[in-house]
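A quick write-up on the structure given underneath.
Each reported figure results from applying straightforward, stated rules to the coordinates on display, with no laboratory input. In this text the structure is predicted, and so the values were computed from the model without any measurement. Note that each Cβ is placed from the backbone with ideal geometry, even for glycine, and that neighbours are counted across all protein chains shown.
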């Protein structure tokens, strides 16, 4: 008959985070400063159902996407004491569907070859956008909620979408011991100007490509005496071609990750996941973008049998 599995989770889908200042010299020798900043993101709460028969597995996820992000633009010159600020606040929701399949080839008693693929359907996001424009003097503090007289406010319905996504991967594994895998992921090209209000002529968007390698190792998951032998040790790396294109140059993202899966108890299969990641965005010779990000990741994996058949009456 096969086996069913159920998964429920909450994860960030994507985040917006940037703070850029551009300074230019005008014809009258005054200086203009344009600042662009963004923050926030979209999260997802999902429920997944999987089915296994023999060495074949198939699964479906349904996700509810929701979140808010803000884009600000500030214009100023040293010739005037007035600043102009434009604010876009976006609240979006949507429903996303994913499907996936995996097949396992038994190479011998201990080694398996796993082949898998995933597909995410194009996802519409709908919501409200509030657009406010106001001026203030240098050094002044303006509260958008109370200082209505300074702001020109507009609210409208908005619709955008997350493009289709395809993933292919394979891995070699030994049951309950180790795994090493490779994965390729692609998002189709999408016009991201909805998320980036600075519509510069030198900015365009292409396809997203990501190539990953990673694995984990568990010394002895059956150990009852040595705690560290039950810990899952993880490591990985990725190379990403981001969709952002500046001055006809693609922007790359290279990253590495190490982590640990710590069991809650001697017999528990639930774990506390801890990880540290480093990402470098841009090329070494790139003067357009060069950033290094350090991320700490914390997660909890809860696993248990929900239904146990009675054997004694």
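Worth pointing out:
- Cα gyration tensor category, rounded, prolate or oblate, for the range 67-109 with a/c compared to 1.5: prolate
- Placing a label point 7 Å from the Cα of residue 58 along the Cα-to-Cβ direction, the residues of the range 78-108 whose backbone N falls under 13 Å of that point are 99-103.
- Residue separation of residue 51 and residue 68 scaled by 0.36 nm, minus their Cα-Cα distance, works out to 2.7 nm of gained length.
- Gyration tensor (alpha-carbon) shape descriptor, the range 1-162, a/c threshold 1.5: prolate
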